[in-house]
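Single-structure report; data block below.
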Amino acid sequence: SATNGISVRYGSAVLVAQRATVDRQSGWVTADGAVRIENEGQVWVGEHLSYNFLTRQMTAEKFRTGKAPLYVAARGATGGSNDVYHATNAIVTLDDFSEPFVTIRASSVKIVAGEYVTARNAVVYVGRVPVFYWPHYSRPLKERANYWTVLPGYRTKYGAYVVGNYYWYL
């Protein structure tokens, strides 16, 4: 156990926190206070995380994570084995901003790293306005996935506007 700042490294994974307890035999680290885990370009940030350096399994409360093109914030998450993660009460966005303009809020989200993301009871928000509901939303994370783009703006001559495009690859 350590307090007042700790850094744990194992292979390519690095965990930084204010307080942590490490079990060397099982590989589990339970960390509190400004916790940050980085492994192979994926970053997890939260106040309380438990992470297994050997199996890459994780449980988290109130966290954020991101690796282009997908960024997620949620109240809870589990997973990591086979790069499959489950999150509850989640916000998904493609914007790498602290306050993204277009978000999808869902009761549950499943992320298969590098493959796809699915969301249940998903509502698309533009700003604070709900604009669309999907009972089940799925989006591939591969390079040639179909996707939407939304570009809001304002011109003095025309006023506020939104330009939307849907890209569909055959």
Space enclosed by the convex hull of the alpha-carbon atoms of segment 56-97, per residue, Å³: 63
Probe 1.4 Å, all protein chains present, accessible-area order of Leu70, Leu151, largest first: Leu151, Leu70
Whole-number D in µm²/s for the chain (Stokes-Einstein; Kirkwood sum over Cα pairs; 25 °C, 0.890 mPa s): 141
Karplus (6.51, -1.76, 1.60) ³J(HN,Hα), θ = phi - 60°, over segment 82-87, in Hz, Gly and Pro reported as x: 6, 6, 10, 10, 10, 10
For segment 43-103, size of Cβ-based charge dipole, Lys and Arg +1, Asp and Glu -1, in debye: 160
Probe 1.4 Å, protein heavy atoms only - accessible area per residue of segment 1-56 in square angstrom: 57
Assigned charges on the beta-carbon of Lys, Arg, Asp, Glu; the chain dipole about Cα centre (debye): 360
Cleavage-rule hits (trypsin sites (Lys or Arg not before Pro)) in segment 77-170: DSSP loop, at most 13 neighbouring Cβ within 10 angstrom: Arg128, Lys142, Arg144, Lys157
Directionally averaged shadow of segment 32-82, computed from the convex hull of its alpha-carbon atoms, nm²: 3.3
Whole-percent carbon and sulfur share, accessible surface of the chain, 1.4 Å: 52
Inter-site label distance for Ser98 and Thr118 at 7 Å from Cα along Cβ, in nm: 3.5
Rg(Cα)/(2.2 N^0.38 Å) for segment 1-75, N = residue count: 1.02
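The values are calculated or read from the model by the stated rules, or taken from the named source; none is laboratory data. Keep in mind the model is a prediction, meaning the values are calculated, not measured. As a convention, Cβ positions derive from the backbone with ideal geometry for all residues, glycine included, and neighbour counts pool all protein chains shown. In case anyone asks, the SASA skips ligands and DNA or RNA and just uses the protein heavy atoms, side chains included. Shrake-Rupley method; radii C 1.70, N 1.55, O 1.52, S 1.80 Å.
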